[in-house]
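First the structure, in the form of structure tokens, and then the observations on it.
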Amino acid sequence: MTSVMRLAAAAAAVLVVGAGCGEPADQGASDTLRIDALAALSGPSAAVGQAMSQGMKAAVAVINDGGGVFGKPVELNLIDYGSGPTQAVAKAQELVSQGTPQAAIPGTPGSDIAAAMPVFAKAGVFVSHHDTNPDLTDVAKYPLSFTNAYPVDNATASLAERLAGEGYRSIAYLTADDTSSRSNARSAQAAFEEAGMSTEVGYVPTTAVDGTPQLQQLLASEPDALVLRAYGAQAPPIIKARQKLNPDLPTYGTQDLTASNLDDLAPASAYAGMTFQSISLAVEGSPATQTPAFTTFYEALKAETGGELPFTIFTYLVGYNDVMLAAAAAEKAGNTDPKEMAAAVESITAEDMPNYVGPVSFSPDQHYPEYDSEWWTYISYGPKVDGLIQPQS
């Protein structure tokens, strides 16, 4: 049996629940591990939610192909909450009302995750997620929660270093107006200020179809450079604003924008002249894509998706790592007690979860992986093949 065939067979153990949830498992029992994942499978964030869910299912296939957890197949319970913070909270409350989940993934975009997190925290649930909001990595507030994405401060520090190195002194920063975007903007302002740059921020309402008024206001301050930050469904009005005004300014897209399904959101001409920040895991040929862990992930993802990957690879990867971390926590703890799972992650090593992709730097004081300068690159917009950006000269 080929590796792709084994992965496909292992993936058959995934339990998908479209709108609700079944009976929760006993969290203290060392039996089948079930991960309850809130996913935006419909509504405005559906494209992102479906992509992340494919990454989750690829992880289940890899884990079960390797023997599962406690010697039994892992189950993934995908719960469609539509899209939006209110809907995420409602589904989280419904889930915990039926008993404490063994492990939970609390949503798709950051604003939804931020809304659902307090529900799971109050219920004492072990949470594995992918939001970069520093408020959600506060160990005192969320001792049972871990993120698998880069901390926003890592991304903004790298971008600040790049912009300052180009000699820019004033930055216009256009982003969406929601909880996650505002957190990112605060981090960017702090990093830019520390690097000697001033920043003006414009917020585009999430209901807007065009961010031109906000961009016009920013350009009135005559900045040296423009930074665009948005993700998925938030991106079109911000991209449209740049297209319409076409400012004669060096323009940068943050990692969040780069990770979006850019090819589907606008024609290539919309990105002409832009520089995109990208995590190196999404760039063809980078050392980060040459590891055995990445190869295992990539093969499993292509088996799950049939090679149809409209987003860059990191969107799928965060869902994959959400599942990988939860499974490794239970396996190392030897049970699904949430406190013991959290303690297991705080001392976990790369050897404990060889198929986790990215840095393993969790500790009692740090519930996130540290993506330092070696993980970031800056590229022009170019073709994306099988989820990987092709480097452009």
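Taking a ≥ b ≥ c as the square roots of the Cα gyration tensor eigenvalues, with a/c under 1.5 meaning rounded and otherwise prolate when a/b beats b/c, else oblate, which class fits region 144-301?
prolate
If you put +1 on each Lys and Arg Cβ and -1 on each Asp and Glu Cβ, how big is the dipole of the chain around its Cα centre, in Debye rounded to 20?
560 debye
Say we join alpha carbon atoms closer than 10 Å with springs in a Gaussian network model of the chain; which of Val89, Val119, Val139 then has the biggest fluctuation?
Sorting by GNM fluctuation, first place goes to Val139.
Using only helices, what value at 222 nm comes out for the chain when you add -39,500 (n - 2.57) per DSSP H run of length 4 or more and divide by the total residues, to the nearest 500 deg cm²/dmol?
Details: 13 runs with 157 residues, N = 393.
-12500 deg cm²/dmol, from helical runs alone.
Give the shape of region 130-213 as rounded, prolate or oblate, defined through the alpha-carbon gyration tensor: a ≥ b ≥ c are the square roots of its eigenvalues, a/c under 1.5 means rounded, and otherwise the shape is prolate if a/b is larger than b/c and oblate if not.
oblate
Sequence neighbours fewer than 8 away in the same chain don't count; with that in mind, list the lysines whose C-alpha is under 24 Å from Lys57.
Partners found: Lys72, Lys91, Lys302, Lys332, Lys384.
By how many nm would the segment from Glu94 to Ala270 lengthen if fully extended, with 0.36 nm per residue of separation less the alpha-carbon distance? Don't jump to the answer; show the numbers that get you there.
Values: separation 176, 0.36 × 176 = 63.36 nm, distance 4.22 nm.
Length gained, Glu94 through Ala270: 59.1 nm.
List the aspartates and glutamates whose alpha-carbon lies under 17 Å from that of Lys240, not counting same-chain residues fewer than 8 positions away?
In chain and number order, the partners are Asp177, Asp210, Asp248, Asp256, Asp263, Asp264.
For a protection proxy built on the mean count of beta-carbon atoms within 10 angstrom, sort 288-300, 143-155 highest first, please.
Those peptides, ordered most packed to least, come out 143-155, 288-300.
Suppose we keep just the DSSP beta bridges with both residues in the chain; what percent of those would be antiparallel, to 5?
Restricted to the chain, the bridges split so that about 20 percent are antiparallel.
I want to verify a result. In a Gaussian network model of the chain, Cα cutoff 10 Å, which of these has the top mean-square fluctuation: Ile279, Ile379, Ile313?
Ile379
Which of Ala220, Ala47, Ala326 moves the most in a Gaussian network model of the chain with Cα springs under 10 Å?
Greatest mean-square fluctuation among the candidates belongs to Ala220.
Starting from the Cα gyration tensor of region 235-393, take the square roots of the eigenvalues, sort them a ≥ b ≥ c, and report rounded, prolate or oblate (rounded when a/c is under 1.5, otherwise prolate if a/b is larger than b/c, else oblate).
Working: a/c = 2.39, a/b = 2.03, b/c = 1.18.
It is prolate, given that a/c is not under 1.5 and a/b is the larger ratio.
When the chain is fully extended, how far beyond the present Cα-Cα distance does Leu245 get from Asp210, taking 0.36 nm per residue of separation?
Difference between extended and current length: 11.5 nm.
Each reported figure results from applying straightforward, stated rules to the coordinates on display, with no laboratory input. Remember, predicted model here, so these are calculated numbers, not experimental data. We place every Cβ from the backbone using ideal geometry, glycine too, and count neighbours over all the protein chains shown.
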